[in-house]
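Following: one structure in structure tokens, then a few remarks.
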């Protein structure tokens, strides 16, 4: 089974009008998940929303979320649907990956430094130490 990728514009205004002002952004999130589950033929529990999409919905606060939103939905082989804004800057995605790689490289370097033995006759700074016989 190959991954399925769709760009969908969802209108959630009808769902938002049914809820009080102080719950509208929360309702927008749940309405997006139900509509995505319906469009992609999966259970609601298998729908994951990306951070940029979440921030876009909450941009104007809890009382006034967006009424329409265009999203990019991807369904993987396991049946999990991930939704994100179609116009995410690639720099941010790549930046996250490079930060993770840098952290991993630092850990490996730290572990390698711990395993190296000190050379005989030198301290940590590289200065020669007087021998014990002198």
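Just so you know, all these numbers are worked out from the coordinates, no wet-lab data involved. Only a predicted model underlies this, so the values are computations on that prediction, with no experimental measurement involved. When we count neighbours, we look across all protein chains shown, and the Cβ atoms used for this are built from the backbone with ideal geometry, even at glycine.
Could you list 78, 26, 99 so that the one with the fewest beta carbons within 10 Å of its beta carbon is first and the one with the most is last? Display every interim value, and only then the final one.
Numbers: 78 7, 26 14, 99 10.
Placing the least packed residue first, the sequence is 78, 99, 26.
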Tell me the relative contact order for region 4-84 as a rounded percent, counting alpha carbon contacts under 8 Å between residues six or more apart. 43 percent
Expected sort for 42, 81 with the fewest Cβ neighbours (10 Å cutoff) up front is 42, 81
